[in-house]
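> Pasting a structure below so you can have a look.
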Amino acid sequence: MAVGALIGAYQEDDSGGLRGLLPLAGRTLVEYQARCAAASGAAPIVAIVERVPQALQDAFEPLRSDGIGVFPVSDLGEALSRFEAGSSILLIADGIAPPVSLVAGLADEAEPAVASVPDDEQHNRFEAIDAGSGWAGVALIDAHLLGSTAAILGDWDVQSTLLRRSIQEGARRLTAADHGGEPLLAETEEDLAGFQRHLVSASRAERNDAASRFILPLIEDFATEQLMETPVRPSWLLHAALGLTIGGATCFTRGWLGAGLVLLLLATPLDLIASRLASIRLKPLASRSFSRRAIWPASGLALLAIGLWEMRHGTGWGAFVTAASACAFAEAARIERSAMPANSDMWLLSRPNAVFLALPFAIAGQWTAYLVGVLLYSALSFFIVQRVRHSG
């Protein structure tokens with residue numbers, strides 16, 4: 001069944017501005033709500049408004065540029081015309097910042113449903129449903145209910161009326177905490193500060209290598225917090241990571257070994273930061289992104305460039321053969337490790353691990369020894385992966 005979304009964007013905050021325009025992670029709350037709906041497969045997305053200030057139009061523009069159509073309407077009759085007959089509609093209340101998992105869970109429901117929170121002191125700002133529960137600000141209704149409500153609405157509040165009528169018609173009640181997590185009801189910028197920190201924390205996916213787990217998180221957190229409020233796109237960071245890696249390889253061919261390592265160190269966290277920004281903005285990175293896929297082979301070129309320099313200026317052809325062998329073992333291990341159990345490959349070879357491994361060798365000026373170390377590391381990783389895959 002087709003699912004659309006209806007977002008409330010007409011209530012004012014304490015300063016007289018629209019709640020939907022409160023800032024969240026460098027965007028606005030209403031943009032976050034729309035992206036939650038879009039990530040759950042909802043289309044079209046309709047925002048019910050009383051007025052459309054320029055700031056609200058500006059909030060919709062990035063959505064449209066990403067192919068997410070948001071249509072502002074001023075009454076339920078106009079909203080109804082945007083939805084297919086018989087479709088289900090996600091209702092997201094004004095000022096609600098829901099976890100995307102809660103919205104997605106409701107979108108998957110086969111029948112009308114209302115997400116609820118306990119009616120206690122912690123949730124006293126949520127609209128009450130009865131003596132024991134309040135509305136979590138997200139519900140799934142049907143187009144028929146929207147049409148019949150439009151005929152009788154008068155001066156009543158849109159979202160409250162839709163909630164009451166949905167409850168009266170027997171919509172299921174789902175506890176938000178058990179179906180994706182509890183939302184936040186925001187009335188001021190300060191209300192959203194904690195939710196923003198939660199988004200940053202939740203964007204940190206499981207890391208499968210030691211460097212990403214123990215060295216990079218603080219760098220990632222700081223950079224993510226700084227960049228999420230800027231126009232910087234995740235794809236730009238991937239391009240930068242690829243450019244820095246190629247730049248590092250170029251430096252190695254010219255004998256600027258320290259400069260090349262610095263460029264590789266700068267490139268190391270960028271793809272992780274890009275993934276986190278994409279997660280926060282609910283705009284997944286393209287799985288077939290050229291820059292994302294090219295970072296690994298570019299790293300291999302950097303290793304070969306070290307071998308080439310060492311071959312020409314010290315240890316002979318053995319350095320290049322060592323580098324090439326390390327690349328071969330590393331690629332074989334990468335292909336084979338896809339079948340490894342989760343969290344079992346933290347200490348195996350990875351791009352971040354190999355880059356940070358270079359630091360002590362660079363300080364000592366022993367680059368050929370580094371190549372030998374990477375060869376042993378990649379070969380050991382490959383044989384461990386083989387053993388795990390074929391044991392039992």
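The values are calculated or read from the model by the stated rules, or taken from the named source; none is laboratory data. Here the structure is a predicted model, which means the values were calculated and not measured. Note that we place each Cβ from the backbone using ideal geometry, even for glycine, and neighbour counts take in every protein chain shown. SASA here: full protein model, heavy atoms, side chains in, ligands and nucleic acids out. Shrake-Rupley method; radii C 1.70, N 1.55, O 1.52, S 1.80 Å.
> Hey, among Ser166, Ser201, which residue is under 21 Å from the mean Cα position of the chain (by Cα) and in a helix (DSSP H, G or I)? First the steps, then the outcome.
Working: Ser166 fails: under 21 Å from the mean Cα position of the chain (by Cα).
Of Ser166, Ser201, the one residue that is under 21 Å from the mean Cα position of the chain (by Cα) and in a helix (DSSP H, G or I) is Ser201.
> Here are some conditions: (1) modelled with pLDDT of 90 or more; (2) surrounded by fewer than 16 Cβ atoms within 10 Å (Cβ to Cβ); (3) of a type in the set (Val, Ile, Thr). Thr188 meets all but one. Which one does it not meet?
Single failed check for Thr188: (1).
> When you look at Asp178, is it more than 25 Å from Gln122 (Cα to Cα) and surrounded by fewer than 19 Cβ atoms within 10 Å (Cβ to Cβ), yes or no?
In short, no.
> OK, next. Out of contact with any Pro (no Cβ under 9 Å at 6 or more places or on another chain), hydroxyl-bearing (Ser, Thr, Tyr), open to solvent by 70 Å² or more (accessible area, probe 1.4 Å) and without any contact (Cβ under 8 Å) to a residue 60 or more places away in the chain, is that true of Ser235?
On the way: out of contact with any Pro (no Cβ under 9 Å at 6 or more places or on another chain): yes; hydroxyl-bearing (Ser, Thr, Tyr): yes; open to solvent by 70 Å² or more (accessible area, probe 1.4 Å): no; without any contact (Cβ under 8 Å) to a residue 60 or more places away in the chain: yes.
So Ser235 does not fit the description; no.
> OK, next. Among the numbered criteria (1) among the basic types (Lys, Arg); (2) over 30 Å from Ser15 (Cβ atoms); (3) at pLDDT below 90; (4) open to solvent by 80 Å² or more (accessible area, probe 1.4 Å), which one does Arg207 miss?
(4)
> Restricting to the stretch 8-47, name every residue that is over 19 Å from the mean Cα position of the chain (by Cα) and surrounded by fewer than 22 Cβ atoms within 10 Å (Cβ to Cβ).
Residues satisfying the conditions are Tyr10, Gln11, Glu12, Asp13, Asp14, Ser15, Gly16, Gly17, Leu21, Ala43, Pro44.
> Then there's this: Would you check if there is a residue in the stretch 134-145 being over 30 Å from Asp58 (Cα atoms), under 31 Å from the mean Cα position of the chain (by Cα) and assigned to a loop (DSSP other than H, G, I, E, B)?
No: zero hits.
> Can you give me the number of residues within the stretch 28-67 that are touching a residue at least 60 places away in the same chain (Cβ under 8 Å), in contact with a Pro (Cβ under 7 Å, 6 or more places away or on another chain) and closer than 23 Å to Gln226 by Cβ?
Counting residues in the stretch 28-67 that are touching a residue at least 60 places away in the same chain (Cβ under 8 Å), in contact with a Pro (Cβ under 7 Å, 6 or more places away or on another chain) and closer than 23 Å to Gln226 by Cβ gives 0.
> Given the residues Leu216, Leu242, Leu270, Leu285, which is the only one that is free of Cβ contacts under 8 Å to residues at least 40 places away in the same chain, surrounded by 17 or more Cβ atoms within 10 Å (Cβ to Cβ) and aliphatic (A, V, I, L, M)?
None of the others qualify; the one that does is Leu270.
> Since Ala131 meets every condition but one in (1) open to solvent by 10 Å² or more (accessible area, probe 1.4 Å); (2) farther than 17 Å from Ser40 by Cα; (3) part of a helix (DSSP H, G or I), which condition does it not meet?
Only one criterion in (1) open to solvent by 10 Å² or more (accessible area, probe 1.4 Å); (2) farther than 17 Å from Ser40 by Cα; (3) part of a helix (DSSP H, G or I) is unmet by Ala131, namely (3).
> A further question follows. Are any residues in the stretch 98-128 in a helix (DSSP H, G or I) and of a type in the set (Ser, Thr, Tyr), and if so, which ones?
Across the stretch 98-128, the qualifying residue is only Ser101.
> Looking at the stretch 65-97, which of the residues that are hydroxyl-bearing (Ser, Thr, Tyr) and not in a strand (DSSP E or B) is nearest to Asp157 (Cα to Cα)?
Among them, the one singled out is Ser74.
> For Leu56, state whether it is of a type in the set (A, V, I, L, M), under 17 Å from Ser166 (Cα atoms), in contact with a helix residue (DSSP H, G or I) (Cβ under 8 Å, 6 or more places away or on another chain) and surrounded by 15 or more Cβ atoms within 10 Å (Cβ to Cβ).
On the way: of a type in the set (A, V, I, L, M): yes; under 17 Å from Ser166 (Cα atoms): no; in contact with a helix residue (DSSP H, G or I) (Cβ under 8 Å, 6 or more places away or on another chain): yes; surrounded by 15 or more Cβ atoms within 10 Å (Cβ to Cβ): yes.
Judged against the criteria, Leu56 is not a match.
> Can you pull out the residues in the stretch 91-112 that are closer than 27 Å to Glu190 by Cβ and either open to solvent by less than 50 Å² (accessible area, probe 1.4 Å) or touching a Lys or Arg at 6+ places or on another chain (Cβ under 9 Å) (or both)?
Leu91, Ile92, Ala93, Asp94, Gly95, Ile96, Ala97, Pro98, Pro99, Val100, Leu102, Val103
> Next question, about the same structure. Identify the single condition in (1) free of Cβ contacts under 8 Å to residues at least 24 places away in the same chain; (2) within 21 Å of the chain's Cα centre (by Cα) that Asp178 does not satisfy, given that it satisfies every other one.
Every condition holds for Asp178 apart from (2).
> Out of all the residues in the stretch 169-178, which are farther than 16 Å from Pro98 by Cα and part of a strand (DSSP E or B)?
Arg172, Arg173
> In the stretch 147-163, is there at least one residue being part of a loop (DSSP other than H, G, I, E, B), open to solvent by 50 Å² or more (accessible area, probe 1.4 Å) and touching a Gly at 6+ places or on another chain (Cβ under 7 Å)?
Pass one, the stretch 147-163, residues part of a loop (DSSP other than H, G, I, E, B): 153-157.
Adding the requirement that they be open to solvent by 50 Å² or more (accessible area, probe 1.4 Å) leaves 154-157.
Narrowing further to those that are touching a Gly at 6+ places or on another chain (Cβ under 7 Å): none.
Looking for residues that are part of a loop (DSSP other than H, G, I, E, B), open to solvent by 50 Å² or more (accessible area, probe 1.4 Å) and touching a Gly at 6+ places or on another chain (Cβ under 7 Å), one finds none in the stretch 147-163, hence no.
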